Amino acid sequence: MALGGFSAPGWLGLLGLVAAVGVGYVWAQRRARRHLLRFANFESLERIAPRRPGWPRHIPAALLILALLLLTLGLAGPTANAQVPRERAVVMLVIDVSMSMNSTDVTPTRIAAAKDAATSFVQGLPAGINLGVESFAGTATVLVSPTTDRDQAVRAIAALKLAESTATGDALAAALETIDTVNRLIPGQGPPPARIVLMSDGKQNVGRDEYAVASEAGAKHIPITTISFGTPYGTVEIQGEQDPVPVDDYSLERVARLSGGEFYPAQSNQQIHQVYDTLDQQIGYQTIRKDVSRPWLILGTLACLATAGAALITSQRLPV
């Protein structure tokens, strides 16, 4: 929590005044006691007021000082970090559907686990984000243009089919073009924040240079979050033989770095879910400084009411 309503000397000065009130009360009590000891006729005092006031008489003063302290903190304008859903943002979810995604090194297969985790990711995004879905193998296909309709995205993910080859560069270029188109259509001052989430398991073998497209995305301030999904030991059956399809971390990490994005490796169903859960928070929400003075003001007001109640109970009068 930070105090932002006043400058530091300002709210420190107010706290000093509250402390001065407390010190003044203690001084006044000690002065009254010395005055009583010096001038009181104790025989008359015992007959008039045999029961002397005890410690409860200090409760109203203590509550009053507490109330002043709480109200001072409230007036100082305390702020704290708070996460709020993003609005207007554009996210392109790009999923590799090359034949290597049929490897069973991830249970039950890479593509089945990818569908499951991607669906959870889609459903976890705040409603105000425009989400698009794209698949790619030898060619790239935008299955769902960015929209807030999550059902379209879920249906597109469920219907993904495998195909041959891997054109990562073409897929990234198609995602950038889609984002540019949507940016021109969404009202507001300046383009909304955008990001590409790319999940793949292998190095491209056809199409545009993926590194060149990643650099283009970085120049446009559109980071690419890459997820390498699979293990170094994956295989797929081709013409009756098991061909190795190791995951290519290097290429995906470099794509992320060139674009200003992040790279996440995942080798299991559980890990891919964890990655997507992290992205839901990073992409779907933004951290802002939020005013949190209201609770302090409420507590200060309640302490004032408690002061009045305690004064009525202990001395049958309100504090003056």
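Annotations
- The lone exception for Thr278 - which of (1) surrounded by fewer than 19 Cβ atoms within 10 Å (Cβ to Cβ); (2) over 30 Å from the mean Cα position of the chain (by Cα); (3) at pLDDT below 90 it fails: (2)
- Residue satisfying condition, being crowded, with 19+ Cβ neighbours inside 10 Å and either under 29 Å from Gly234 (Cα atoms) or in contact with a Cys (Cβ under 6 Å, 6 or more places away or on another chain) (or both), within set Ile157, Ile129: Ile157
- Scanning segment 246-278 for residues that are hydrophobic (A, V, I, L, M, F, W, C) and touching a residue at least 60 places away in the same chain (Cβ under 8 Å) yields Val255, Ile272, Val275.
- Test result for Gly128, under 31 Å from the mean Cα position of the chain (by Cα), assigned to a loop (DSSP other than H, G, I, E, B) and closer than 24 Å to Pro192 by Cβ: yes
- Residue match in segment 217-236 (condition: buried (at least 18 other Cβ atoms within 10 Å of the Cβ), touching a Pro at 6+ places or on another chain (Cβ under 7 Å) and either at pLDDT below 95 or not assigned by TED's automatic domain parsing to the domain that holds Val94 (or both)): yes
- Among residues of segment 180-204 that are on the phi > 0 side of the Ramachandran plot, those with a Cβ under 7 angstrom from a residue that is modelled with pLDDT under 90, sequence gap 6+ or separate chain, pair up as Gly188/Arg88.
The values are calculated or read from the model by the stated rules, or taken from the named source; none is laboratory data. Note that the structure is a prediction, hence the values are computed from the model and not measured. Because the Cβ atoms are built from the backbone with ideal geometry, glycine has one as well, and the counts that use them run over all protein chains shown.
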